[in-house]
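To start, the structure itself, in C-alpha cells.
The values are calculated or read from the model by the stated rules, or taken from the named source; none is laboratory data. If you're wondering where the values come from, they're calculated on a predicted model, not measured in any experiment. Neighbour counts run over all protein chains shown; Cβ positions are idealised from the backbone, glycine included. Keep in mind that these areas ignore ligands, DNA and RNA; they rest on the heavy atoms of the full protein, side chains included. Shrake-Rupley method; radii C 1.70, N 1.55, O 1.52, S 1.80 Å.
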Amino acid sequence: MTDANTATPTLTIGDKTHPTDSLSDLAEAQLANLQIVDAEIQRLHQQLGIAQVARETSLATLQTARAKLG
C-alpha cells in the first residue's frame, strides 16, 4: 500500500525538475559524485576556519611575546 503523503524525491537542474527514480545510471552516478564533492567542500571550509583561528591565535601570541621583549 502506498502512502499518498509520500513525495517522490526530485532533482532540479536549471528550470526543470526530474523525479530521481527516472534518472539514468550515469545521472545517478553523477549525482552521487556531486554529493561527495559538496561534502568535501563543506569539510574544507571547516578546516579553513580552524586554520584561520589557529593563525590568529599564533599571531596574537607572537605579538604578546614581542611586546614583553620591549
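In the chain, taking the dipole from charged Cβ atoms about the Cα centre, the farthest positive-side position among 29, 65, 19 is held by 65.
Run lengths n ≥ 4 of DSSP H only: what is the helix-derived mean residue ellipticity at 222 nm for the chain, with -39500 (n - 2.57) per run over all residues, to the nearest 500? Theoretical 222 nm ellipticity from helices: -24000 deg cm²/dmol. When only the Cβ of Lys, Arg, Asp and Glu is charged (+1, +1, -1, -1), the dipole of the chain relative to its Cα centre reaches about 840 debye. Surface composition of region 23-70: carbon plus sulfur atoms hold 62% of the accessible area, using a 1.4 angstrom probe and ignoring ligands, DNA and RNA.
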